[in-house]
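The values are calculated or read from the model by the stated rules, or taken from the named source; none is laboratory data. Quick caveat: nothing in here was measured; it's all calculated off a predicted structure. Positions of Cβ are generated from backbone atoms using ideal geometry, with glycine treated the same way; all protein chains shown enter the neighbour counts.
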Amino acid sequence: MPLVRIDLHEPLRDLRPQMSDAIHSALVEGWEMPADDLFQIFRLHEPGDLFYSRTFPEADRTDIVFIQILAFTGYSPEVKQRGATLVVDRLEALGIKRDNILIALSENGDGDWLAPAAAAAAPASASVPTSESVLAEAAS
């Protein structure tokens, strides 16, 4: 269950629905996660609110879109790279320059997520899903 936070400048406001679809579809395809696993937060910033290097590492930035992905531990480096590459490809198709995208991935484990509605609906004897069970279900 990735939680995706996207920080971008105000001029990109109107692209949010397309960006949401692009990022989500890339993770569904690249990470083979369930299509209804959609949790995103877009934060708009005025010009001058986001600070970044225009050249590091070997970049030619004219703007910045920060994408932070918090996900269950367990995805292989290859799967993470595949998903990230698809995110960049799909955002570029929307007219966002590749160099203007920076993706940071963080992972956490079992017990770090809470979905109160799901927990309340589960029988008392049911176990809390683990990252292994979620990944196994997604792979099937």
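Of all the residues in region 43-75, those that are in contact with a Lys or Arg (Cβ under 7 Å, 6 or more places away or on another chain), over 25 Å from Pro2 (Cα atoms) and aromatic (Phe, Trp, Tyr) number 0. For region 90-108, the criterion of being surrounded by 13 or more Cβ atoms within 10 Å (Cβ to Cβ), at pLDDT below 60 and over 17 Å from Ser20 (Cβ atoms) is satisfied by no residue at all. Taken over region 41-89, the residue count meeting the criterion of being without any contact (Cβ under 8 Å) to a residue 12 or more places away in the chain, more than 18 Å from Glu10 (Cα to Cα) and loosely packed, with under 11 Cβ neighbours inside 10 Å is 8. Among the residues of region 72-108, the ones that are touching a Ser or Thr at 6+ places or on another chain (Cβ under 7 Å) and among the small types (Gly, Ala, Ser) come to 1 in all.
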